[in-house]
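A.B. asks: Structure provided below as structure tokens; questions to follow.
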Amino acid sequence: MAIVTRWDNKKQTVILLEFESEWNWEELEGAVHKADQLIGSVEHFVDLIIDLEGTTIPRDVLTAAKTLLASGDARPNEGARVVVGANGAIRTIYQTIQKTFNSAVEGREVLFAPNMADARAIVRGLALDR
């Protein structure tokens, strides 16, 4: 599978989505569905770390974003989303999605981290603030 979705810690407070270099939108939908199932299996807040390091984004990103955002609201216990390895192009794509789908993205903001250690530190810090 081109996107691996799993718990990142034993406490089941963080989900890690690891993207291989090539993936498609159908695989992303499957990964999001699996993450949603994991979040729904616990009652506490669950943060997500999305590791995009070394990956490329498939074409037709705005259509795919619209489909994913229309698939439902975030779960009440869904925490922060921290993206690792977002180059300038990926950040520009995110800004475009934010502007295009403003109300659908509200409450689903993304934080960026330069590496996995920093991403894990971010989610630990956010958990302390809850």
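The values are calculated or read from the model by the stated rules, or taken from the named source; none is laboratory data. All values reported here derive from a predicted model rather than from experimental measurement. When we count neighbours, we look across all protein chains shown, and the Cβ atoms used for this are built from the backbone with ideal geometry, even at glycine. Note: accessible area is taken over every heavy atom of the protein model, side chains too, but ligands, DNA and RNA are not part of it. Shrake-Rupley method; radii C 1.70, N 1.55, O 1.52, S 1.80 Å.
A.B. asks: Using protein chains only and a probe of 1.4 angstrom, how many square angstrom of residue 63 are accessible, to the nearest 10?
C.D. replies: 70
A.B. asks: Please give the calculated 222 nm ellipticity per residue for the chain, where each DSSP H segment of at least 4 residues contributes -39500 (n - 2.57) and the sum is spread over every residue; nearest 500 deg cm²/dmol?
C.D. replies: After summing the helix terms and dividing by the residues of the chain, the value is -13500 deg cm²/dmol.
A.B. asks: While we're on this one: Roughly how many nanometres apart are two label points built 7 Å out from the Cα toward the Cβ at residue 102 and residue 121?
C.D. replies: Here the modelled spin labels are 3.4 nm apart.
A.B. asks: While we're on this one: About its Cα centre, what dipole magnitude does the range 1-91 give when the only charges are +1 on Lys and Arg Cβ and -1 on Asp and Glu Cβ, stated in debye to the nearest 20?
C.D. replies: 200
A.B. asks: Leaving out ligands, DNA and RNA, and with a 1.4 Å probe, what % of the accessible surface on the chain is carbon or sulfur?
C.D. replies: 52
A.B. asks: Normalised by the residues of the chain, what does the relative contact order come to in percent, with Cα pairs under 8 Å and at least six apart?
C.D. replies: The value is 23 percent.
A.B. asks: Would you mind getting the accessible area per residue of the chain, heavy atoms of the protein chains only, 1.4 Å probe, in Å²?
C.D. replies: In whole numbers, the chain has 60 Å² accessible per residue.
A.B. asks: Is the C-alpha gyration tensor of the range 1-75 telling us rounded, prolate or oblate? Criteria: a/c under 1.5 is rounded; beyond that, a/b larger than b/c is prolate, otherwise oblate.
C.D. replies: Oblate is the answer for the range 1-75, as a/c is 1.5 or above yet b/c matches or exceeds a/b.
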